[in-house]
Amino acid sequence: MTDRFLRIPLLLTAALLAALTLAACGGHKQPTQHGESEGAYIEVGPLVYQVQLSRELNASNVEDREYLAELPADEAQPRGDEEWFGVWLRVQNVTDEVHPTAEDFEIVDSVGTHYEPIELPEGNPLTYQPVALEGEQVQPVYPGPDTAAGAGQAQGALLLFKLNTSVYANRPLEFEITPPDGGEPSSVLLDL
């Protein structure tokens, strides 16, 4: 009977160590240059990017109409073989210095077709606009949690693309982010 009582503390200690190990693994993921899915933290220069969400947009949907507001007058509506596609980004500055956010983005399908975002006016508070992002001690996240984009459902700033519907046959789609200094792009696979 004494052996049985001695085993209980050993079992509890082993269970506690296992729980602590699992808790440590479940925390903040380490940034990488190439993410295998949305949600991965991607290093782009000194900043860390995260694709919060990506999906097709429907101009008939009430929510999506807000994302498509203020399109440039010369931007044609999608034809029958095209669609609007949104990528919502979050950017974090993990340094103590101010750094510019990226300006160059592309979606590349599996056959090498490249798509660039539609340039949207700065007036739409939901869209991504390059900014100088403060360091950790001030406001290290773009979009800020007190903005329409940061507090919205996607909790990210929108990049709008017009994709050919052939992308469904040419998956996976890779979303590339080029650092402002023109260095090597980082990428993440989009859920489509």
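For the reader, a short list of remarks on this structure follows.
- Residue list for the range 33-83, restricted to those being farther than 24 Å from Val167 by Cβ and of a type in the set (Ser, Thr, Tyr): Tyr41
- Residues in the range 28-53 that are among the hydroxyl-bearing types (Ser, Thr, Tyr) and at pLDDT 90 or above: Ser37, Tyr41, Tyr49.
- Within the range 65-113, considering residues that are over 26 Å from Leu133 (Cβ atoms) and not in a loop (DSSP other than H, G, I, E, B), the one farthest from the chain's Cα centre (by Cα): Glu82
- The one condition from (1) within 15 Å of Arg65 (Cα to Cα); (2) modelled with pLDDT of 95 or more that Gln153 does not meet is (2).
- Pair list, Cβ under 6 Å, 6 or more apart: the range 51-70 residue on the phi > 0 side of the Ramachandran plot, other residue at pLDDT below 90 and of a type in the set (S, T, N, Q): Glu70/Asn124
- Per the listing Glu106, Glu83, Glu56, the residue uniquely within 15 Å of Ala154 (Cα to Cα), of a type in the set (D, E, K, R), surrounded by 13 or more Cβ atoms within 10 Å (Cβ to Cβ) and modelled with pLDDT of 95 or more is Glu56.
- Extreme residue, surrounded by the most Cβ atoms within 10 Å (Cβ to Cβ), among residues of the range 119-128 that are modelled with pLDDT under 95 and in a loop (DSSP other than H, G, I, E, B): Leu126
- When the range 135-177 is filtered for residues that are crowded, with 18+ Cβ neighbours inside 10 Å, in a loop (DSSP other than H, G, I, E, B) and more than 13 Å from the chain's Cα centre (by Cα), the ones remaining, listed by number, are Pro140, Gly152.
The values are calculated or read from the model by the stated rules, or taken from the named source; none is laboratory data. Fair warning: this is a prediction, and the values are worked out from it, not measured in the lab. Virtual Cβ from ideal backbone geometry, glycine too; neighbours counted across all protein chains shown.
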